[in-house]
1. So for each of 420-431, 79-90, 641-652, 688-699 I average, over its residues, the number of other beta carbons within 10 Å; can you give me the resulting order with the highest mean first?
2. Using DSSP to call loops (not H, G, I, E or B), can you name the trypsin sites (Lys or Arg not before Pro) in the stretch 224-288 whose Cβ has at most 15 other Cβ atoms within 10 angstrom?
3. Calculate one ³J(HN,Hα) per residue across the stretch 117-126 by plugging θ = phi - 60° into the Karplus curve 6.51 cos²θ - 1.76 cosθ + 1.60, and present them in order as whole Hz with x for glycine and proline.
4. Using the alpha carbons of the stretch 1-137, what is the convex hull volume per residue in cubic angstrom, as a whole number?
5. In the stretch 167-181, which residues have a backbone nitrogen under 15 Å from the label point lying 7 Å from LYS144's Cα in the Cα-to-Cβ direction?
6. Using a Förster distance of 22 Å, how high is the FRET efficiency between ASP211 and GLU593, based on the Cβ-Cβ distance and rounded to 0.05?
7. Would you kindly calculate the translational diffusion coefficient of the stretch 188-404, applying Stokes-Einstein with the Kirkwood radius from alpha carbon pairs, for 25 °C and a viscosity of 0.890 mPa s, and quote it in µm² s⁻¹ without decimals?
8. So what's the angle, to the nearest 10 degrees on a 0 to 90 scale, between helix 188-198 and the longest Cα principal axis of the chain?
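Each reported figure results from applying straightforward, stated rules to the coordinates on display, with no laboratory input. Just so you know, these numbers come straight off a predicted model, no measurement behind them. Cβ atoms come from the backbone with ideal geometry, glycine included; neighbour counts cover every protein chain shown.
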Amino acid sequence: MRDDEQQVTIEPYTGPSGGWGSMKSLAEIGARENVGAEAVRELTRQNKPEGFMCVSCAWGKPGHPHVAEFCENGAKATAWELTSHRITPDFFREHTLTELRGWRDYDLEQAGRLTHPMRYDRNTDKYVAVPWEEAFREIGAKLKLYDPTKVIFYASGRASLETSYMWALYARLYGSQNLPDSSNMCHETTSVGLKKAIGSPVGTIHLDDYDHCDAIFYFGQNPGTNSPRFLHPLRSCAKRGVEIIVFNPLKERGLERFADPQNPVEMTTGGSTPIATQYHQVKAGGDIAAIMGIMKFVIERDDERGGVLDHDFIRDHTVRFEEVAAMARAADWADLERESGLKRQAMEAAGAVYARSKRVIAVYGMGITQHVRGILNLEMIVNLMLLRGNVGKPGAGFGPVRGHSNVQGQRTVGITEKPELAPLDKYAEQYGFEPPRQEGWDTVKACEAVRDGVAQAFIQLGGNFFRAVPDHGVMEPRFQALDLTVHVATKLNRSHLLPGKVSYLLPCLGRIEQDMQASGPQAVTMEDSFSRIYGSRGKATPAADTLLSEPAIVAGLAKATLPHNPKVPWDEWVGDYGLVRDAIEETYPEMFERFNERMWMPGGFWKGVAATHREWKTESGRAEFNAPDVLNATGFEEADGRMRLITLRSNDQFNTTIYGYHDRFRGIKGTRDVVMVNPAEMERLGLADGEEVSLVCDVETDVSRRVDGLRVVPYDLPDGCLGAYYPECNVLIPVSHHARESFVPAAKSVPVRIEKRA
């Protein structure tokens, strides 16, 4: 039965994460994508030292991998890429873009792999095939007409280090610093907040630190859906008695219990391993208050008894402790309870664990970063960790969980709109040109530029930018007003259906496929969430012999756009990616020393993170305590009828890619058009299970932002909070509703109202 023929069923799921549910899901998608023996072979190479890095999340490749070093969603991503379905020019002869805009996101990608470069024909409203060289020549000619400061070079987080380096160089040689990427939409708060507080913009732990910690404080991240391979170290931690203290608005099954599909006992007996030892359902935006409550308990316990805080570390390595400690002591428990949605006893119970734990890891995800005051959320986590010196020692530190498989690495090799983060002087020396020095456009500024008619062209290296950004209703017509849009992609998605006046669709090889160039089969590299660099080699048969690799497409665009520069050997780079790695090493010698030699090290090689060695590259030269000026991160006031919407991923998706319509862990099958409501809220609002309602944005009401036809589903959520799916509900998020300083769309606390049908 196809997904679009399934009846909607909504009933509680009682099983664990993992287990037979995962196995059944993998069998289903394998059959649906009609993958053969080659896909099975590739799964045995997935995340292995000599294999390929998963095209899904950025979890690390261990030096000593499991027999099956892939998770449910990683295997889905592999099947999705190695599907037997194809979109040839015949497909576009049969369908106009107007028609395709009526398709679901799932159906667009399910149609299969793109096989030929295409150009949009406005007269017929269809894509038509175009030779590669003609596409490059025409795109280059158009780009030469524009103001480079008004051209956007967006990059998805999947592109390799080699491609990303070439992309960033291409943009700057052209004269553009507009290099937004998917990090702008998720973990830019980490890049800004951690850098400000500890001087390093990335996590500080290694994967093996999970073998040495005795407590994990876990904030706003769902491993069961977003990073299932993380469940293995969490299970190991739980088995050896590590206390795992979770703060998350929803009960997520992956944080409750996990059945290891590679454990014969759990699979044959139906057993599972409990994960969280405490689970606190904090209100959306309430983490500041919850952490302040923990700190209040810990500091006052030290005041009473001593021996709790690491006073030597605080004295030698930090600033502004007394200011923050005074605020914690003065905090009123009634205020903390109201803002966090937790009882005092819950915060004190978490504080008691923290006070007795010697080595603590702080894990967090977009439930922390995607708020208007997301920087404060992160600073509070830093404050908590500094109290007991939980950074720069084994088994302790910060563990942000990244999404796309190379989203962190792209920033490492130059994809950034911030000139201070790019090696501009080195570019000038290495390649003999003067790079742009002005601030470029991040995702929010790029959206504003498109919305306001300032941007002239948009070039997308992977991803589904339109679907991922906020304010769909406002943005959609403005994207089609652009003069030029260019998309490098493997599959069709909604962004491709919003063509500018001139538009091209350029299909590329996938990472799992063999990439044969002049010097032979090529490999690429990625950086994971632990700042480790790995080689990745595809061996699968390419989806079509008409495809080009991402580096070849970037080089083709660059050669057609830019004047010849003898210091930039585009053709040589395409022929041998090892030469690109040599160039990366020359640009970043400290991080990439002996790059080609070390790229196949089991477990990857570490690029280095200063804060891990207690080297604080901050303004003060120390790790910095920061006092919050508010106790919630929403950025909006309470109002009668106003609720906090949390946008969520399904178990059957990764980012904007929808694999199917079965959110197994939430018991929702056959639909994504739902809004999850606390039963007490349902009673207060007079809502019935299954009733159809609308969600309406409750700020900037001069523009109508609404989603109709949502089915009410009773769900265990904190008071005043709702849950609904991303990206469908991004239409409710104004572009202006973003994190201060980091400009991340604030998708985890959106002010909305529920409207009943008349």
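1. Answer by packing, highest mean first, reads 641-652, 79-90, 688-699, 420-431.
2. Details: sites: ARG229, ARG235, LYS239, ARG240, LYS251, ARG253, ARG257, LYS283; in loops: ARG240, LYS251, LYS283.
Qualifying residues, ordered by number: ARG240.
3. Result, rounded to whole Hz: x, 10, 10, 6, 9, 5, 5, 9, 6, 9.
4. 173 Å³
5. Flagged as within label range: 174.
6. Numbers: r = 27 Å, r/R0 = 1.24.
Efficiency, rounded to the nearest 0.05: 0.20.
7. The Stokes-Einstein estimate is 140 µm²/s.
8. 50 degrees
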